[in-house]
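Visitor: Following this message is one structure expressed as structure tokens.
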Ligand SMILES: [Zn+2]
Ligand SMILES: [Zn+2]
């Protein structure tokens with residue numbers, strides 16, 4: 001079942017067991033690791049419901065049946081008005097066609113910047129740029145420039161009435177089986193730098209080449225800007241309290257990758 005994150009925002013999660021990561025941690029377990037449980041990475045999609053509804057991202061084709069069923073639960077019989085894909089990559093856009101087939105009334109929305117992406121037919125979508133908004137009636141989303149992006153055609157989102165920030169592909173981290181659909185503040189441990197490194201040390205490998213002061217200036221800017229927000233990442237658990245303190249932890253992640261280089265690919 002989807003989880004209500006805050007008023008009018010529901011969280012749909014698809015977890016992927018990572019046996020390679022689990023094995024990595026057996027020999028030298030970090031604080032957050034629980035023996036005898038699997039390590040999960042996850043993909044998240046979020047449904048924003050005002051007078052109209054908007055789904056942000058689609059999960060990957062491997063989770064197709066799951067996301068279609070979860071979306072039906074979350075909609076509770078309502079129409080889907082907008083389907084927004086953050087960027088043309090399987091974990092984010094891979095079920096766009098399946099969702100549009102199930103909800104032909106929905107308008108497909110995609111980032112304006114970048115070339116048409118034939119795989120997902122995003123050229124046919126309504127195209128949005130940073131600063132654009134969609135009024136859902138009681139809820140309003142604003143599209144943001146992604147400051148740590150994964151793709152040339154990529155957009156972040158913020159719901160302005162609840163102050164919920166969706167930084168797709170940044171602020172990811174694995175969790176343990178049993179912690180699915182849990183927000184950070186409900187965990188019985190801190191989300192450690194090591195846990196954030198498991199994601200960013202691979203996906204943001206370019207931190208090793210980056211100017212640390214400059215990069216962490218952006219981390220600081222995002223911490224200030226979203227200090228009061230709920231943070232709802234695409235590949236981690238949401239942060240509902242003290243987002244600035246959490247975001248500032250990313251400065252240490254940048255320093256670590258810069259000093260020690262990238263991590264191996266996911267097992
Ligand atoms: Zn992603
Ligand atoms: Zn999980």
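Computed from the coordinates by the stated procedures, all read-outs in this text should not be read as laboratory data. Quantities reported herein were computed from a predicted structural model and do not represent experimental measurements. Note: ideal-geometry Cβ built from the backbone for every residue, glycine included; neighbour counts use all protein chains shown.
Visitor: For the stretch 166-178, how many residues are more than 16 Å from ligand 1 (Cβ to nearest atom) and crowded, with 22+ Cβ neighbours inside 10 Å?
Guide: Going through the stretch 166-178 one residue at a time, the tally reaches 0.
Visitor: Just checking, how many residues over the stretch 172-208 are within 16 Å of ligand 2 (Cβ to nearest atom), over 24 Å from residue 1 (Cβ atoms) and assigned to a loop (DSSP other than H, G, I, E, B)?
Guide: At the first step, the residues of the stretch 172-208 found to be within 16 Å of ligand 2 (Cβ to nearest atom) are 172-184, 186-189, 191, 195, 198-199.
Narrowing further to those that are over 24 Å from residue 1 (Cβ atoms): 189, 195, 198-199.
This time we only want the ones that are assigned to a loop (DSSP other than H, G, I, E, B), so: 189.
Selection size over the stretch 172-208: 1.
Visitor: For the stretch 203-213, does any single residue satisfy the condition of being within 16 Å of ligand 1 (Cβ to nearest atom), under 18 Å from the mean Cα position of the chain (by Cα), surrounded by 22 or more Cβ atoms within 10 Å (Cβ to Cβ) and within 14 Å of residue 42 (Cα to Cα)?
Guide: No - not one qualifying residue is present in the stretch 203-213.
Visitor: Which residues, counting only those in the stretch 179-202, are buried (at least 20 other Cβ atoms within 10 Å of the Cβ) and either within 16 Å of ligand 1 (Cβ to nearest atom) or farther than 19 Å from residue 234 by Cβ (or both)?
Guide: Matches in the stretch 179-202: 196, 198, 199, 200, 201.
Visitor: State which residue pairs qualify: first residue in contact (Cβ under 8 Å) with a residue 12 or more places away in the chain and closer than 15 Å to residue 227 by Cα and inside the stretch 157-179, second residue within 16 Å of ligand 2 (Cβ to nearest atom) and in a loop (DSSP other than H, G, I, E, B) in any location, beta carbons under 6 Å apart, and separation of 6 or more residues or different chains.
Guide: 164/232; 166/232; 167/233; 171/233; 171/236
Visitor: Quick check on the stretch 126-142. Is at least one of its residues surrounded by 23 or more Cβ atoms within 10 Å (Cβ to Cβ) and either assigned to a loop (DSSP other than H, G, I, E, B) or without any contact (Cβ under 8 Å) to a residue 24 or more places away in the chain (or both)?
Guide: Taking the stretch 126-142 first, the residues surrounded by 23 or more Cβ atoms within 10 Å (Cβ to Cβ) are 141.
The next check asks that each one be either assigned to a loop (DSSP other than H, G, I, E, B) or without any contact (Cβ under 8 Å) to a residue 24 or more places away in the chain (or both); those that pass are none.
There is no residue in the stretch 126-142 that is surrounded by 23 or more Cβ atoms within 10 Å (Cβ to Cβ) and either assigned to a loop (DSSP other than H, G, I, E, B) or without any contact (Cβ under 8 Å) to a residue 24 or more places away in the chain (or both).
Visitor: Filter the stretch 216-253 for residues that are within 16 Å of ligand 1 (Cβ to nearest atom) and assigned to a loop (DSSP other than H, G, I, E, B); which is nearest to the chain's Cα centre (by Cα)?
Guide: 234
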